[in-house]
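As structure tokens, the structure follows; a few thoughts come after it.
The values are calculated or read from the model by the stated rules, or taken from the named source; none is laboratory data. None of these values were measured; they are calculated from a predicted model. All Cβ positions, glycine included, derive from the backbone under ideal geometry; neighbour counts span all protein chains shown.
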Amino acid sequence: MLALSEADSGTADRGAISNGAPRRPDVVLPAGDDASGMATMLAELLRDNVKDFPGRARAARITRGSVVMTAADRDRSVTLRFLPGRVEVTDGADERAPAIVGPWLEMTKLCSGHVSPAKAILSGDLAVRRPWGPAVAGAGYALSVPRSYYGESRELHAWQVALVAGAGIGAIGVLAVVLGARHRSAAAKHRGLTTTR
């Protein structure tokens with residue numbers, strides 16, 4: 001496995017193939033310990049994704065341009081710059097770049113990998129400001145975590161769905177039996193009334 005190394009950030013072509021395997025881009029946090037919590041979370045998510053998921057590393061390596069992530073209710077922005085061989089994560093907004101904007105709570109879900117940018121945008125939890133193109137798509141994929149990563153919670157959710165569905169089917173069965181019994185009782189009373197007349 002290749003290690004992420006900030007010391008190699010001066011290398012001319014970080015996307016070059018080394019020993020038959022494409023190199024992962026470095027994720028650089030220039031402010032270091034002075035970076036905001038949001039910038040640090042995004043940098044850690046990107047570092048983990050390019051290390052653990054080859055598809056996300058490829059997306060980060062080939063994406064070019066900047067994308068701003070903005071927690072609008074906290075007036076906090078972080079800019080991701082996708083450059084040859086590295087991704088720089090800096091506080092502040094590049095006003096020329098497209099921005100993914102939303103409330104802090106939704107942005108923390110994205111920063112921690114619990115929701116993908118595409119899903120959050122499609123659901124309306126986050127929005128994109130300014131014209132956007134390949135940089136937003138590349139950043140969105142590089143920041144997303146595969147569904148299988150949270151497999152345990154998905155399995156628990158599947159059990160919960162099965163349990164609720166089973167209870168619902170059981171309730172429908174009981175209701176059908178009760179209504180059937182009432183219908184038979186009413187029919188018997190009706191027959192009894194018509195035969196006594």
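So which residues in region 107-125 are of a type in the set (Gly, Ala, Ser) and either more than 18 Å from residue 138 (Cα to Cα) or exposed (fewer than 13 other Cβ atoms within 10 Å of the Cβ) (or both)?
Matches in region 107-125: 123, 124.
With the structure loaded, tell me whether residue 133 is surrounded by fewer than 18 Cβ atoms within 10 Å (Cβ to Cβ), more than 25 Å from residue 30 (Cα to Cα) and without any contact (Cβ under 8 Å) to a residue 24 or more places away in the chain or whether it fails that test. Let's see the steps before the verdict.
On the way: surrounded by fewer than 18 Cβ atoms within 10 Å (Cβ to Cβ): yes; more than 25 Å from residue 30 (Cα to Cα): yes; without any contact (Cβ under 8 Å) to a residue 24 or more places away in the chain: no.
Answer is no for this residue.
Tally the residues that are among the hydroxyl-bearing types (Ser, Thr, Tyr) and either surrounded by fewer than 17 Cβ atoms within 10 Å (Cβ to Cβ) or in contact with a helix residue (DSSP H, G or I) (Cβ under 7 Å, 6 or more places away or on another chain) (or both), restricting the search to region 64-89.
So the answer is 1.
Which numbered condition trips up residue 66, out of (1) under 24 Å from the mean Cα position of the chain (by Cα); (2) at pLDDT 95 or above; (3) farther than 22 Å from residue 121 by Cβ?
(3)
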